[in-house]
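Novice: Take this structure, written in structure tokens, and hold onto it; I'll ask about it next.
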Amino acid sequence: MIRCENLCKSYPMGHGRKTVFNDLTFDVKPGERIGVLGRNGAGKTTLIKLIGGVELPTSGRITREMKVSWPLGFSGGFQGSLTGYDNARFIARIYDRDYDEIRDYVEEFTELGRQLKMPIKTYSSGMRARLAFALSLAIEFDCYLIDEVILVGDQNFQRKCHYELFEKRADRALILASHSTELLSEVCTSTILLRNGVGEIYEDVEEGLALYNDL
């Protein structure tokens, strides 16, 4: 389980602070799929980063009793001067996995070919997303954090992403930030709607989607 208790996140702005959300409390149970909704700037990506440990909450606490992926769609963990292969080797060392297995998976999944021998800083955003997705799926996690990344690439890549996450790993927990109400309706078991600095949890996915559409 992942437990988020009384989360508050704010940033300095001018002479004051901008509150992204305040007093947000919810649990993520094994196998649960939570869709994160909100307009641009509502805090969807911020929440994903907090759960992934990329950022710290201003106040509140996050307890992780599951193995959580880094946020898919967030490329801040890449070393730009290293190649795709170098980053795969680094991930293999961090998670104590066989590099050859990680490399083979990344080659097949990304279809980046010779680009994997090039520094990450030469990659387009789509190529970075492919690599981030492949590296995360090469390691088995209990909960995957996703920030719109499955909407990049061609239809073939999107199909592969859909299969790997929503079919092959149907038993894993998932936190998905997306503007695609069709996708969230299809795959999620509950939603969190972020608006006006408040997070509202809806066990009825369609209710949360309807309120989002009315924003």
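The values are calculated or read from the model by the stated rules, or taken from the named source; none is laboratory data. The shown structure was predicted, so the numbers you read here are calculated from the model rather than taken from an experiment. Note: ideal-geometry Cβ built from the backbone for every residue, glycine included; neighbour counts use all protein chains shown. To get the accessible areas, we keep the full protein, side chains included, count just its heavy atoms, and leave off ligands, DNA and RNA. Shrake-Rupley method; radii C 1.70, N 1.55, O 1.52, S 1.80 Å.
Novice: Output the 0 to 90 degree angle, nearest 10, between the alpha-carbon long axis of helix 125-138 and the longest principal axis computed from the alpha carbons of the chain.
Specialist: Orientation of helix 125-138: about 90 degrees from the principal axis.
Novice: Taking the Cα atoms only, what angle lies between the long axis of helix 99-110 and the longest principal axis of the chain, rounded to 10 degrees?
Specialist: 70
Novice: Calculate for the chain the 222 nm mean residue ellipticity that helices alone would give, adding -39,500 (n - 2.57) per DSSP H run of length 4 or more and normalising by residue count, nearest 500 deg cm²/dmol. Please report the intermediate quantities before stating the final value.
Specialist: Values: 7 runs with 70 residues, N = 215.
-9500 deg cm²/dmol, from helical runs alone.
Novice: For the stretch 93-191, report the translational diffusion coefficient in µm²/s to the nearest whole number, using Stokes-Einstein at 20 °C, 1.002 mPa s, and a Kirkwood Rh over Cα pairs.
Specialist: Numbers: Rh = 14.5 Å.
So the translational diffusion coefficient is about 148 µm²/s.
Novice: Let's test this: bin the Cα-Cα distances of the stretch 82-141 at 5 Å from zero up to the farthest pair and state each bin's percent.
Specialist: Reading upward from the zero bin: 4, 22, 35, 25, 11, 2.
Novice: Which whole number in µm²/s is D for the stretch 1-126 by Stokes-Einstein, with the Kirkwood Rh taken over Cα pairs at 4 °C and 1.567 mPa s?
Specialist: Working: Rh = 17.0 Å.
Translational diffusion coefficient: 76 µm²/s.
Novice: Then there is this: Across 5 Å bins from the origin, how do the percents of Cα pairs in the stretch 159-215 run, short distances first?
Specialist: Spelled out bin by bin, the stretch 159-215 gives 4, 17, 28, 24, 13, 9, 4, 0 percent.
Novice: Compute the FRET efficiency between residue 121 and residue 19 as 1/(1 + (r/R0)^6), taking r as their Cβ-Cβ distance and R0 = 41 Å, and round to the nearest 0.05. Before the final figure, lay out each step's value.
Specialist: Details: r = 34 Å, r/R0 = 0.84.
Efficiency for this residue pair is about 0.75.
Novice: Which whole number in µm²/s is D for the stretch 45-101 by Stokes-Einstein, with the Kirkwood Rh taken over Cα pairs at 25 °C and 0.890 mPa s?
Specialist: Working: Rh = 13.2 Å.
Using the Kirkwood radius from Cα pairs, D works out to 186 µm²/s.
Novice: Pairs of Cα atoms under 8 Å, at least six residues apart: use those to get the relative contact order of the chain, whole percent.
Specialist: Result for the chain is 29 percent.
Novice: For the chain, what does the accessible surface come to per residue with a 1.4 Å probe? Please give it in Å². Numbers along the way, then the final one.
Specialist: On the way: 10500 Å² over 215 residues.
I get 49 Å² per residue for this part.
Novice: Moving on. Between residue 108 and residue 189, take the C-beta separation as r, use R0 = 30 Å, and let me know the FRET efficiency to the nearest 0.05.
Specialist: Numbers: r = 30 Å, r/R0 = 1.01.
Result of the calculation: an efficiency of 0.50.
Novice: Of 9/168; 44/67; 9/117; 18/168; 44/160, which ones are farther than 30 Å apart at the Cα?
Specialist: Values: 9/168 34 Å; 44/67 21 Å; 9/117 39 Å; 18/168 40 Å; 44/160 24 Å.
Result: 9/168; 9/117; 18/168 exceed 30 Å.
Novice: Any chance you could list P(r) for the chain, counting all Cα-Cα pairs in 10 angstrom bins from zero, rounded to whole %?
Specialist: Bin by bin from 0 Å, the calculated values are 8, 33, 34, 20, 4, 0.
Novice: Continuing with this model, one more query. Take the chain, connect every pair of alpha-carbon atoms lying under 10 Å apart with a spring to form a Gaussian network, then pick out the residue of 176, 184, 165 with the largest mean-square fluctuation.
Specialist: Fluctuation is largest for 165.
Novice: Of the GluC sites (Glu not before Pro) in the stretch 1-105, which ones lie in a loop per DSSP and count no more than 12 other C-beta atoms within 10 Å?
Specialist: Sites meeting the loop and neighbour criteria: 65.
Novice: Tell me the relative contact order for the stretch 1-124 as a rounded percent, counting alpha carbon contacts under 8 Å between residues six or more apart. Intermediate results must be reported in sequence, preceding the final value.
Specialist: Details: 147 pairs, mean separation 28.6, N = 124.
In percent, rounded to a whole number, it is 23.
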